[in-house]
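My structure is below; once you've seen it, I'll send some questions.
Since every read-out is calculated from the coordinates, none of them should be taken as a lab result. Just so it is clear, the structure is predicted and the values come from calculations on it, not from any experiment. Heads up, the Cβs are rebuilt from the backbone with ideal geometry, glycines too, and the neighbour counts pull from every protein chain shown.
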Amino acid sequence: MPDLDLNDIRLHYEDDGTGEPVIMLAGMLSDSASWGPVVPTLAGAHRVIRPDNRTTGRTTPWDAPISVGQMAEDALGLLNHLQVDRFHIVGHSMGGLMGMELAGLAGERVASLSILASAPVRVPRTMAVFDTVAELRGVEGGETLWLKALYPWLFRPSFFNDPANAQAALAATLAYPYAQTRAAMLHQIEALRSFRPRTRLADIACPTQTVFAGHDLLIPEEEGRAAFSAIPGVEQSRIDDAGHSLHWDAPQEVCDRVLAFTKRHPT
């Protein structure tokens, strides 16, 4: 898929399907490929646009200046380049924060905003997890060790009932040719740590839904719900049997909620 030259980066993106456009914004340590489990279903109803965030995938250079707000601006630049007038936003984790910033930048162009496993609250424990796995990655054998340490924070408990699940996830990640490097990972962690929203929740005017995960160890649902309640008319729900990577644990349920919401709020 193509690349787009912006001011200081070459932004790689994937573009699948036809229909009303949906831009999908990946979370920490993830790129466009992280949406793999839900793309086939969503692309059956929508044009699905997935950028590789700064520091990830095939977007270069990895060490360009980075902030959550800058990545939202990149997404808007991509949509402008593709001549997309109105669109839906789906953001996971840090991508949910990007989605809120994009909604503030794009105003009435946003038909709907779906925020998955995310919250605009500061969670020191979550930052400690990222700092720890980054440190583990720097030791001997760390390229495998950090992933093993991270998986319990990402997936629902039943994922670990069969050891083959973690083994398959590990093999796929290690084989991925565009994996984020440790240096790029550290660069992105600092961007999340320094995040300060430009868009006030009360100023988000588009229809918005939030979807939490019942087994999410990284995002506190109670605090997230309280913060999101400032968005006018927000609809909040939970997928009980899912961890933080809810689009991997429960891809069909995620697709069902996204598609039902976009159908109710067409472009």
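Please tell me if Ala106 is under 30 Å from Ala260 (Cβ atoms) and under 21 Å from the mean Cα position of the chain (by Cα).
The answer is yes for Ala106.
Report, by residue number, each residue of the stretch 146-183 that is over 19 Å from Ala33 (Cβ atoms) and basic (Lys, Arg).
The answer is Lys148, Arg156.
On the given criteria, is Gly233 small (Gly, Ala, Ser) and touching a Pro at 6+ places or on another chain (Cβ under 8 Å)?
Spelling it out, Gly233 is indeed small (Gly, Ala, Ser) and touching a Pro at 6+ places or on another chain (Cβ under 8 Å).
Shifting gears a bit: Return the residues of the stretch 88-110 that are surrounded by fewer than 24 Cβ atoms within 10 Å (Cβ to Cβ), in contact with a helix residue (DSSP H, G or I) (Cβ under 7 Å, 6 or more places away or on another chain) and either not aliphatic (A, V, I, L, M) or not in a helix (DSSP H, G or I) (or both); say none if nothing qualifies.
Within the stretch 88-110, Gly104 is the sole residue that qualifies.
Taking the stretch 236-267, which residues are farther than 30 Å from Asn161 by Cβ and within 19 Å of the chain's Cα centre (by Cα)?
Within the stretch 236-267, Phe261, Thr262 meet the criteria.
Looking at Arg109, Arg86, can you tell me which residue is in contact with a Phe, Trp or Tyr (Cβ under 8 Å, 6 or more places away or on another chain) and among the basic types (Lys, Arg)?
On the way: Arg86 fails: in contact with a Phe, Trp or Tyr (Cβ under 8 Å, 6 or more places away or on another chain).
Matching residue, one of Arg109, Arg86: Arg109.
While we're on this one: If I filter the stretch 200-215 for residues that are β-branched (Val, Ile, Thr), crowded, with 16+ Cβ neighbours inside 10 Å, closer than 20 Å to Val123 by Cα and under 17 Å from the mean Cα position of the chain (by Cα), do I get at least one hit? If you could, list the steps in order and put the result at the bottom.
We begin by selecting, within the stretch 200-215, every residue β-branched (Val, Ile, Thr); these are 204, 208, 210-211.
Okay, now just the ones that are also crowded, with 16+ Cβ neighbours inside 10 Å, so 204, 208, 210-211.
Pick out the ones that are also closer than 20 Å to Val123 by Cα and you get 210-211.
Subset that is under 17 Å from the mean Cα position of the chain (by Cα): 210-211.
Within the stretch 200-215 (the criterion being β-branched (Val, Ile, Thr), crowded, with 16+ Cβ neighbours inside 10 Å, closer than 20 Å to Val123 by Cα and under 17 Å from the mean Cα position of the chain (by Cα)), the answer is yes, since at least one residue qualifies.
For residues in the stretch 38-71 being assigned to a strand (DSSP E or B) and more than 17 Å from the chain's Cα centre (by Cα), which is surrounded by the fewest Cβ atoms within 10 Å (Cβ to Cβ)?
To start, the set of residues in the stretch 38-71 that are assigned to a strand (DSSP E or B) comprises 46-51, 60.
This time we only want the ones that are more than 17 Å from the chain's Cα centre (by Cα), so: 46-47, 60.
On the way: His46: 23, Arg47: 19, Thr60: 15.
If we take residues in the stretch 38-71 being assigned to a strand (DSSP E or B) and more than 17 Å from the chain's Cα centre (by Cα), then Thr60 is surrounded by the fewest Cβ atoms within 10 Å (Cβ to Cβ).
Counting just the residues of the stretch 132-185 that are without any contact (Cβ under 8 Å) to a residue 40 or more places away in the chain and part of a loop (DSSP other than H, G, I, E, B), which one comes out farthest from Phe212 (Cα to Cα)?
Glu140
Separate question: Which residue out of Pro163, Pro251, Pro177 is closer than 23 Å to Asp31 by Cβ, loosely packed, with under 13 Cβ neighbours inside 10 Å and not acidic (Asp, Glu)?
Pro177
Which of the residues spanning the stretch 90-116 are in contact (Cβ under 8 Å) with a residue 40 or more places away in the chain, out of contact with any Gly (no Cβ under 7 Å at 6 or more places or on another chain) and of a type in the set (Gly, Ala, Ser)?
Within the stretch 90-116, Gly96, Ala103, Gly104, Gly107, Ala111, Ser112, Ser114 meet the criteria.
Okay, moving on. Among the residues that make up the stretch 222-231, is at least one of them of a type in the set (A, V, I, L, M) and either touching a strand residue (DSSP E or B) at 6+ places or on another chain (Cβ under 7 Å) or touching a residue at least 40 places away in the same chain (Cβ under 8 Å) (or both)?
yes
Only residues that are surrounded by 13 or more Cβ atoms within 10 Å (Cβ to Cβ) and in a helix (DSSP H, G or I): list them for the stretch 117-130, please.
The answer is Thr126, Met127, Val129, Phe130.
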